[in-house]
Amino acid sequence: MRLGQFVETVKKSLIMPRSVNFKVSCPHPEDEISLDEGQMTQVFVNLLNNSIDAVKSQGEIEFRAAIEDASVVFVVADNGTGIGEDSQKRLFEPFFSTKEMGKGTGLGLAICYGIVKMHSGSIRVETNADPAKGPTFTRFIIKLPALPDSRTTE
């Protein structure tokens with residue numbers, strides 16, 4: 001499957017509020033990738049919906065996809081409130097949620113983690129929840145193995 005085609009699938013699976021400045025970057029849409037489209041779409045829809053919650057429907061969200069070195073790298077970033085240090089340690093634990101009762105099951109990030117690991121990939125978070133340390137943000141970086149020679153010749 002082509003990287004740009006996958007990015008379009010994710011975009012079509014989202015309900016993005018018009019008030020959110022949503023930026024999508026895929027500099028080489030023709031690059032070939034190998035992934036389970038349904039499972040990985042679930043990962044990014046979950047992360048992007050978390051970003052929508054974090055920016056309270058009026059901030060900036062970015063979704064980037066590119067081949068770097070020997071990996072397909074995806075980034076979901078927002079300028080929301082960030083994730084506190086205590087919560088960061090438990091982010092991928094099943095049933096852990098920072099959302100109010102009835103708003104989340106605490107399974108979303110645990111499922112994302114499992115799907116990424118099944119793809120032999122990695123997921124990590126960079127975040128700042130303390131405005132005294134600079135702008136608040138959250139950035140999830142997902143790396144999956146790239147196909148050999150996945151970069152199309154130009």
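The values are calculated or read from the model by the stated rules, or taken from the named source; none is laboratory data. Computed from a predicted model, the values in this text were never measured in an experiment. We place every Cβ from the backbone using ideal geometry, glycine too, and count neighbours over all the protein chains shown.
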- [ ] Within the stretch 115-124, identify whether any single residue is closer than 27 Å to N21 by Cα, crowded, with 18+ Cβ neighbours inside 10 Å, β-branched (V, I, T) and more than 13 Å from the chain's Cα centre (by Cα), and answer yes or no.
- [x] no
Open item on the list: Anything in the stretch 42-61 that is touching a strand residue (DSSP E or B) at 6+ places or on another chain (Cβ under 9 Å) and β-branched (V, I, T)? List them, or say none.
Closed with: V43, I52, V55, I61
Open item on the list: If I filter the stretch 8-28 down to residues being of a type in the set (V, I, T) and either in contact with a Ser or Thr (Cβ under 8 Å, 6 or more places away or on another chain) or in contact (Cβ under 8 Å) with a residue 24 or more places away in the chain (or both), which single residue comes out as nearest to A54 (Cα to Cα)?
Closed with: V20
Task: Odd one out for I67, checked against (1) β-branched (V, I, T); (2) out of contact with any strand residue (DSSP E or B) (no Cβ under 7 Å at 6 or more places or on another chain); (3) surrounded by fewer than 19 Cβ atoms within 10 Å (Cβ to Cβ) - done: (3)
Task: D31 vs. criteria in contact (Cβ under 8 Å) with a residue 60 or more places away in the chain, closer than 27 Å to P131 by Cβ and surrounded by 13 or more Cβ atoms within 10 Å (Cβ to Cβ) - done: no
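Residues checked against (1) in contact (Cβ under 8 Å) with a residue 40 or more places away in the chain; (2) surrounded by 15 or more Cβ atoms within 10 Å (Cβ to Cβ); (3) over 30 Å from E30 (Cβ atoms):
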position	(1), (2), (3)
S51	yes, yes, no
G84	yes, no, yes
L109	yes, yes, yes
N128	yes, yes, yes
Task: the stretch 103-133, residues that are in contact with a strand residue (DSSP E or B) (Cβ under 7 Å, 6 or more places away or on another chain) and part of a loop (DSSP other than H, G, I, E, B) - done: H119, S120, G121
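Considering the stretch 137-153 alone, what residues qualify as being of a type in the set (D, E, K, R) and modelled with pLDDT of 95 or more?
Correct list: R139, K143.
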